[in-house]
Amino acid sequence: MSHNTLLVFELTILVLAIFLGFEVISKVPTLLHTPLMSGTNAIHGIVLVGAMIVLAQPDKDAFEWVVGFLGVVLGAANVVGGFVVTDRMLEMFKKREPTKAPDGGRDDGTSAG
């Protein structure tokens, strides 16, 4: 198999995966976004550990060091960002207590009597 044929084959798989991923994600109901985000955080945590293992290997050249460092930085940013988004999503499901004004009245401008 020639290199051009292999490249076309791999690009075809990449494009099909992009379309399939977009279709699957767009069909996910809103209530499932939080559990899916938590699962994705776990996967990105594995990527982060893998990148740290690459950086811990001795005798690596500059390219391996750069790829490992970028993996750690981007993986950590993705994990932290994912947890922030998950926390914000979970806040939407909590009941909010009405706040009381210091004078005992409600916060909508009316008095409590």
For P(r) over Cα pairs in 10 Å bins from 0, in percent, with candidates [x] 11, 21, 16, 13, 11, 9, 7, 5, 4, 2, 1, 0; [y] 11, 20, 25, 20, 11, 7, 4, 1, 0; [z] 12, 24, 24, 15, 9, 7, 5, 3, 1, 0, the value calculated from the shown model is option [y]
Note: VAL47 to LYS27 extended length (0.36 nm per residue) minus current alpha-carbon separation gives 4.6 nm
Check: C-alpha center segment 10-48 vs C-alpha center segment 75-97, spacing in Å is 17
So the compactness index of segment 6-52, its C-alpha Rg divided by 2.2 N^0.38 Å, takes the value 1.52
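Coordinate-derived values only; no laboratory data. If you're wondering where the values come from, they're calculated on a predicted model, not measured in any experiment.
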